[in-house]
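**Q** Handing you a structure now.
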Amino acid sequence: AHTALIAVSVAYCLLVVWRTSQSMTLQYDEVVYASQVAREAPAAAFSAPRARGMSLLVAPVVVITESVLALRLYLVVLAGVLMYLAFRPWLAVFGRIGGRYVYVPPVAAGCFATLWLTVLYGNLAYPNVWLAFVLLAGAGYVVRTVTEPAPGWAPVIAIGIAFAAASLIRP
């Protein structure tokens, strides 16, 4: 099941690259988020419905280069990694049930990866899909913490990290 989840995450990256334009210019919202951390560009007006988490998300690439292609490919790879991390806690939840249920998380990830919204936003700096990833991981760690006999501190810390990230992306 773990290998299947990795395969789904890689397939999701390939699907996003195949079905979306990597050379598409930045949309206005993306410009606002990227301009907050870009070295060579003036910061665009940052209004109330925006959150700093998206600027932090694009910062590793935007600080280094102005290339839209580099930003798009970075977001695709990050989307694949977050797809894996979002469904990983669910492997432990369904793994305790055993049998064929261990494949529920990879199948669910595959279904989620083929939604047109998930594919569309997989390379865009809009908060929708990124928020879905962190909330899905957070919910998985909550279920894992509640259902495990002695979960320890690791899932509890993961819950805090996931929901803190969600509050940064879309408060």
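**Q** To the nearest 0.05, what FRET efficiency results for Thr147 and Leu56 with a Förster distance of 41 Å applied to their C-beta separation? Walk me through the numbers before you get to the answer.
**A** Details: r = 32 Å, r/R0 = 0.78.
That gives a FRET efficiency of 0.80.
**Q** Now, a different point. Quick one: helix 2-19 against the long Cα principal axis of the chain, what's the angle to the nearest 10°, folded into 0 to 90?
**A** Taking the Cα atoms of the chain, the angle to 2-19 is about 30 degrees.
**Q** Per residue, how many Å² of accessible area does the chain show with a 1.4 Å probe?
**A** On a per-residue basis, the chain sits at 52 Å².
**Q** Given labels modelled 7 Å from the Cα in the Cβ direction, how far is it in nm from Trp116 to Val77?
**A** So the label points at Trp116 and Val77 sit 3.0 nm apart.
**Q** Cα centroids of region 113-168 and region 65-104: how far apart, whole angstrom?
**A** Between the Cα centre of region 113-168 and that of region 65-104, the gap is 10 Å.
**Q** Separate question: Please report the net charge: other residues with Cβ closer than 15 Å to the Cβ of Glu66, K and R +1, D and E -1.
**A** Cβ neighbours under 15 Å give a net charge of 0.
The values are calculated or read from the model by the stated rules, or taken from the named source; none is laboratory data. From a predicted model like this one, the values you see are computed outputs, not experimental measurements. Cβ atoms come from the backbone with ideal geometry, glycine included; neighbour counts cover every protein chain shown. Surface accessibility is based on the protein's heavy atoms, side chains included, excluding ligands, DNA and RNA. Shrake-Rupley method; radii C 1.70, N 1.55, O 1.52, S 1.80 Å.
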